[in-house]
Amino acid sequence: MSQVLEREDEDDAPAMPAIRTTPEAPRLAAGMGDRPLRILLPSYRSNPTTGGQGVYMRHIAKALADMGHQIDVISGPPYPVLDPRVKLIKLPSLDLYANPHPIKALRPWMFAYPVDLFEWWSHNTGGFSEPYTFCERMARYVRGTVDDYDICHDNQTLGWGLLKLRDMGLPIVGTIHHPITMDRRIDIQHAKTLSLKLLKRRWYSFLDMQIKVARELDPLIVVSESTRRDVVREFGVKSERTRLVLHGIDHIQFRPIPEIKRRDDLIVACASADVPLKGLIYLIRAYAELIKTRPNLKLKVIGRLREGNTTDELKAFGILDKVEFVGGVTDEQIAEIYAEATIAISPSVYEGFGFPCGEAMSCGTPVIATTGGSLPEVVGDAGIIVPHSNPPALAKAIGAMLDDKEMRDRYGHAGRQRILANFKWERAAREVTDIYRQTILDADRRLQRTGA
């Protein structure tokens with residue numbers, strides 16, 4: 001079911017060893033009870049095709065519903081794909097990224113809605129205001145219904161509006177998948193001109209707000225030890241405020257498909273071609289070296305090819321027609337691609353978690369990943385790890401695995417078992433529920449101390 005929030009006068013508005021994931025996570029306090037909770041899950045854009053935050057929203061909401069909790073997801077467009085038991089509150093934005101003429105989107109009614117006017121102005125001056133504007137709209141919407149919820153679990157919006165909800169008396173738990181300061185640094189580093197570097201810096205200006213809000217939230221869920229270290233260093237968050245809860249992997253959707261024959265000449269990567277953070281150019285350089293001696297080797301990329309650094313790399317090596325890009329595919333189609341892949345590669349410079357790597361492992365596909373961020377925590381000893389941003393090391397590892405079928409079979413089996421042992425969503429939901437209950441208790445105690 002869904003609830004749509006409309007403006008009042010805007011007709012034209014738009015078996016492996018288990019990982020000890022949370023030794024410091026709070027346990028259910030005596031006397032708290034285990035009644036189902038009423039949970040608000042905010043996310044400024046939540047469709048799974050937009051990235052890991054959308055994948056997280058889809059699966060954590062379902063896993064919490066499986067435990068019997070009442071879940072309301074409040075989201076801006078593009079809207080999430082949710083379990084039927086989860087209510088969706090649609091919080092419309094101007095959705096200017098979907099507008100081919102965003103400058104012309106200015107309407108007279110926007111002058112009566114400062115948040116809308118700010119979103120229009122920010123977008124058209126190179127900024128990214130969605131986390132701020134979404135949280136402001138959410139705070140205005142929730143003001144009249146704050147007593148309908150026990151807890152709010154933010155999905156890395158980290159906007160000022162969250163602190164307004166907290167001040168209304170709603171306990172807040174935050175999740176940070178990884179600090180976007182890492183994206184900013186790598187993005188600016190790869191920008192080819194000074195003007196583009198300045199534009200990138202302008203786009204990431206929302207980070208000042210996110211850093212300040214993150215410092216105010218307690219607790220903050222982090223999704224890997226790597227993310228914990230980076231959030232403490234990059235955001236200045238106190239380590240004792242963080243709680244580690246590893247993501248899950250949809251082990252039912254992403255599973256071995258024995259009826260599909262696994263090839264011996266296909267390497268696959270799931271990576272955004274236009275995001276330097278994902279490291280695809282380093283895989284392309286490794287592939288260009290490999291095909292000098294393995295001319296029949298194929299590379300398939302799950303993602304769309306756009307004009308930019310990746311296209312330039314492919315043209316420079318003369319292999320634009322040899323690398324296949326597939327976009328707009330379903331999860332089932334991705335599982336089928338992994339089923340026929342010889343090896344899956346995660347070439348990222350940095351990952352807060354690394355869903356594609358975990359999904360490939362869950363399909364029984366042998367993986368090679370980099371040291372980028374949390375990938376070694378996901379892979380463990382069930383795959384090969386090489387230094388990030390290092391094409392020769394990547395090429396050497398790919399070559400070694402291509403030449404050793406027994407190694408591929410061993411890692412493929414180990415990867416599947418590691419996911420089943422450590423990365424199920426039901427485990428993640430239990431752990432975040434413990435954190436919710438402790439956060440609610442802590443908030444009640446603070447109120448009692450202050451006499452409110």
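The values are calculated or read from the model by the stated rules, or taken from the named source; none is laboratory data. Keep in mind the model is a prediction, meaning the values are calculated, not measured. All Cβ positions, glycine included, derive from the backbone under ideal geometry; neighbour counts span all protein chains shown.
Going by the conditions given, is residue 60 surrounded by 18 or more Cβ atoms within 10 Å (Cβ to Cβ), part of a strand (DSSP E or B), among the β-branched types (Val, Ile, Thr) and at pLDDT 90 or above?
For residue 60, the condition - surrounded by 18 or more Cβ atoms within 10 Å (Cβ to Cβ), part of a strand (DSSP E or B), among the β-branched types (Val, Ile, Thr) and at pLDDT 90 or above - is not met.
Mind checking whether some residue in the range 365-377 is surrounded by fewer than 16 Cβ atoms within 10 Å (Cβ to Cβ) and out of contact with any strand residue (DSSP E or B) (no Cβ under 7 Å at 6 or more places or on another chain)?
So far as the range 365-377 goes, no, none of its residues is surrounded by fewer than 16 Cβ atoms within 10 Å (Cβ to Cβ) and out of contact with any strand residue (DSSP E or B) (no Cβ under 7 Å at 6 or more places or on another chain).
Scanning the range 268-322 for residues that are at pLDDT below 90 and among the hydroxyl-bearing types (Ser, Thr, Tyr), which turns out surrounded by the fewest Cβ atoms within 10 Å (Cβ to Cβ)?
Only one residue tops the list, namely 311.
Exactly one condition in (1) crowded, with 19+ Cβ neighbours inside 10 Å; (2) in contact with a Ser or Thr (Cβ under 8 Å, 6 or more places away or on another chain); (3) of a type outside the set (A, V, I, L, M, F, W, C) is not met by residue 264; state its number.
(1)
Of the numbered conditions (1) closer than 17 Å to residue 280 by Cβ; (2) at pLDDT 90 or above; (3) touching a Gly at 6+ places or on another chain (Cβ under 7 Å), residue 327 fails exactly one; give the number of that condition.
(2)
Of the residues in the range 40-57, how many are crowded, with 24+ Cβ neighbours inside 10 Å, part of a helix (DSSP H, G or I) and not hydrophobic (A, V, I, L, M, F, W, C)?
Of the residues in the range 40-57, 1 are crowded, with 24+ Cβ neighbours inside 10 Å, part of a helix (DSSP H, G or I) and not hydrophobic (A, V, I, L, M, F, W, C).
Restricting attention to helices (runs of 4 or more DSSP H) lying wholly within the range 368-452, give those where 3 or more residues are at pLDDT below 95 and either outside the structural domain of residue 282 (by TED's automatic domain parsing) or over 21 Å from the mean Cα position of the chain (by Cα) (or both).
Filter on the range 368-452 gives 425-450.
Based on what the data block shows, is residue 97 under 30 Å from residue 431 (Cα atoms), within 25 Å of the chain's Cα centre (by Cα) and hydroxyl-bearing (Ser, Thr, Tyr)?
no
Whether any residue in the range 201-217 is closer than 24 Å to residue 72 by Cα, at pLDDT 95 or above and surrounded by fewer than 17 Cβ atoms within 10 Å (Cβ to Cβ) is what I want to check.
yes
Return only the number of the condition from (1) crowded, with 23+ Cβ neighbours inside 10 Å; (2) at positive phi that residue 236 does not satisfy.
Condition (1) is where residue 236 drops out.
Could you list all residues from the range 80-107 that are modelled with pLDDT of 90 or more and outside any loop (DSSP other than H, G, I, E, B)?
Of everything in the range 80-107, those that are modelled with pLDDT of 90 or more and outside any loop (DSSP other than H, G, I, E, B) turn out to be 87, 88, 89, 90, 96, 102, 103, 104, 105.
Which residue pairs have Cβ atoms under 7 Å apart, sit 6 or more places apart or on different chains, and have a first residue in the range 186-197 that is assigned by TED's automatic domain parsing to the domain that holds residue 126 and a second that is modelled with pLDDT of 90 or more and crowded, with 17+ Cβ neighbours inside 10 Å?
Hits for this filter: 186/349; 186/350; 187/200; 188/200; 191/200; 197/188.
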